[in-house]
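Take a look at the structure set out below.
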Amino acid sequence: MDFAGQPDLMPREADSGISLSDLVSALWRRKLLIISCGIAGLAAGVLVCSWMKPVYRATMTIAAMPAPAGSRPAGSVVATLAGLSSSTTQANFQQLVEALTSNEVAGRIAAQPELLHAAFSSQWKNGEWARPTGFRASLSGWISSISGRPGWHPPARDEVAALIGAKLTKTKVLNDIYELSFDMPDRDAAEKLLSSIVHEADTALRTGAGELARSRIDFIQAKISDITFNDQRQVLTQSMSDAINDQIMAESKGPYAARIVDPAHSPINPHSPSFILFVIAGVFLGLATGAGIAFSRSPSPRR
């Protein structure tokens with residue numbers, strides 16, 4: 001049977017479109033453009049990185065204080081019933097970790113001009129507080145005026161609390177070990193503020209523990225004279241001994257709730273921005289942009 005004169009009824013394979021060789025050829029013809037875009041991306045990455053303010057990260061490791069020799073894990077029965085049970089070293093340590101971002105610690109930091117100036121160095125100029133300048137500060141002031149919120153004022157406890165909450169990071173390593181980090185534009189300020197925050201939290205707990213111990217002693221002294229049973233007097237006497245030990249610990253020198261395993265320190269190089277990361281990102285985006293332009297300008301393959 002002769003099919004020579006019959007039309008070709010078999011479907012032809014559709015054109016696959018742009019092949020890999022077409023893509024490589026288009027990129028090769030525009031190689032100078034792609035390289036130029038890569039260099040421009042490199043320059044842009046360097047420029048953006050140099051424009052951004054460096055941020056230094058100070059780190060510190062703290063751990064719970066070891067339990068004193070001969071101490072009991074819990075207070076006496078009478079003290080417990082009276083709501084005056086003494087805290088263990090673990091509980092003290094957890095309280096300190098929570099107190100790091102408390103308003104009390106922020107108030108203690110704000111009460112020290114040297115620390116307050118270090119925390120808000122951009123607003124402390126020529127020996128006095130100055131309103132922040134720049135687009136962001138202007139926008140914030142405009143929003144505050146519209147919303148009716150109070151405008152700018154020299155930083156105080158609330159501003160310190162907000163700063164600590166935003167810049168302080170607490171990472172739990174073990175149950176009784178934490179790694180702390182604090183980010184600031186100034187390396188020395190980051191180390192100084194982190195050390196001061198831990199110190200003020202420890203001091204606040206020490207002060208509270210001393211006041212609690214003295215109130216326990218006063219309570220027991222007022223009650224012990226009315227106790228006639230020998231067993232109860234022994235319990236109160238032991239509770240008095242515990243309270244006195246707590247008072248001695250609170251009034252002693254050195255750390256109270258946490259010991260410093262690794263003091264505050266920070267690398268010489270800033271934590272951010274990362275120069276290498278910005279350079280790599282700039283080059284990659286530049287090359288990708290150049291490749292896109294080169295491909296869009298290349299003639300479409302014939303169908």
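The values are calculated or read from the model by the stated rules, or taken from the named source; none is laboratory data. It should be emphasised that the depicted structure is a prediction, and the values quoted were computed from it without experimental measurement. Positions of Cβ are backbone-derived with ideal geometry, glycine not excepted, and every protein chain shown enters the neighbour counts.
Does Ile143 satisfy the condition of being assigned to a helix (DSSP H, G or I) and at pLDDT below 75?
Answer is yes for this residue.
Can you find even one residue in region 10-26 that is modelled with pLDDT under 85 and touching a strand residue (DSSP E or B) at 6+ places or on another chain (Cβ under 9 Å)?
Initially, region 10-26 is screened for residues modelled with pLDDT under 85, giving 10-26.
Going one step further and asking which of them are touching a strand residue (DSSP E or B) at 6+ places or on another chain (Cβ under 9 Å), we end up with none.
No, every residue in region 10-26 fails to be modelled with pLDDT under 85 and touching a strand residue (DSSP E or B) at 6+ places or on another chain (Cβ under 9 Å).
For Thr101, which of the numbered conditions (1) among the polar types (S, T, N, Q); (2) touching a helix residue (DSSP H, G or I) at 6+ places or on another chain (Cβ under 9 Å); (3) in a helix (DSSP H, G or I) fails to hold?
(3)
Being modelled with pLDDT under 80 and either within 30 Å of Ile62 (Cβ to Cβ) or not in a loop (DSSP other than H, G, I, E, B) (or both) is the filter here; which residues of region 280-303 pass it?
Within region 280-303, Ala294, Phe295, Ser296, Arg297 meet the criteria.
For region 104-121, how many residues meet the condition of being surrounded by 14 or more Cβ atoms within 10 Å (Cβ to Cβ) and assigned to a helix (DSSP H, G or I)?
Number satisfying all stated conditions: 12.
Those residues that are among the small types (Gly, Ala, Ser), over 22 Å from Pro263 (Cβ atoms) and either surrounded by 15 or more Cβ atoms within 10 Å (Cβ to Cβ) or more than 35 Å from the chain's Cα centre (by Cα) (or both), I need them from region 21-68; list them, please.
If the condition is that a residue be among the small types (Gly, Ala, Ser), over 22 Å from Pro263 (Cβ atoms) and either surrounded by 15 or more Cβ atoms within 10 Å (Cβ to Cβ) or more than 35 Å from the chain's Cα centre (by Cα) (or both), then Ser21, Ser25, Ala26, Ser36, Gly38, Ala40, Gly41, Ala44, Gly45 are the ones that fit.
Of (1) out of contact with any helix residue (DSSP H, G or I) (no Cβ under 6 Å at 6 or more places or on another chain); (2) modelled with pLDDT of 90 or more, Asn92 satisfies all except one. Which?
Exception for Asn92: condition (2).
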